[in-house]
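The values are calculated or read from the model by the stated rules, or taken from the named source; none is laboratory data. Predicted model only: the values in this text are computed from it and were never measured. A quick note on method: Cβ atoms are made from the backbone with ideal geometry, for glycine too, and the neighbour counts reach across all protein chains shown. Note: accessible area is taken over every heavy atom of the protein model, side chains too, but ligands, DNA and RNA are not part of it. Shrake-Rupley method; radii C 1.70, N 1.55, O 1.52, S 1.80 Å.
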Amino acid sequence: SSAYNIPNATVKVNVPRGFEVSIPDEPGISLFAFHGKLNAEMDDLGDQTWATDVVAARHGRWTYRNREQKLQPGDVLYYWITVRYNGLDYHDYNLEYHV
């Protein structure tokens, strides 16, 4: 059997504040977890500002929503995600988004 490939995450910056990180829904996904930090790389898996498990898809996407953080041009969002697919957890580490 082949390993599951996590869909590419999409980052959306909201104005005046907030951001979203999401992946498309597909059969077999039962959890999406987001772990992130702003403007500083994470030293280990416990080093993050935000860590949230999303347990349901909405409108065809698994989405982490942050409604408080204001992102500025030049900011870098460092993050990693976990997707539970058919009962197994798959991770995508060392991701970053440049605003």
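Observations on the structure shown:
- Those residues of segment 26-45 which are more than 16 Å from V83 (Cα to Cα) and open to solvent by 60 Å² or more (accessible area, probe 1.4 Å), in sequence order: N39, E41, D43, D44
- Selection status of D75, in contact with a Ser or Thr (Cβ under 7 Å, 6 or more places away or on another chain), modelled with pLDDT of 95 or more and surrounded by fewer than 16 Cβ atoms within 10 Å (Cβ to Cβ): no
- Segment 1-25 - residue that is open to solvent by less than 60 Å² (accessible area, probe 1.4 Å) and not hydrophobic (A, V, I, L, M, F, W, C) and, of those, nearest to the chain's Cα centre (by Cα): S22
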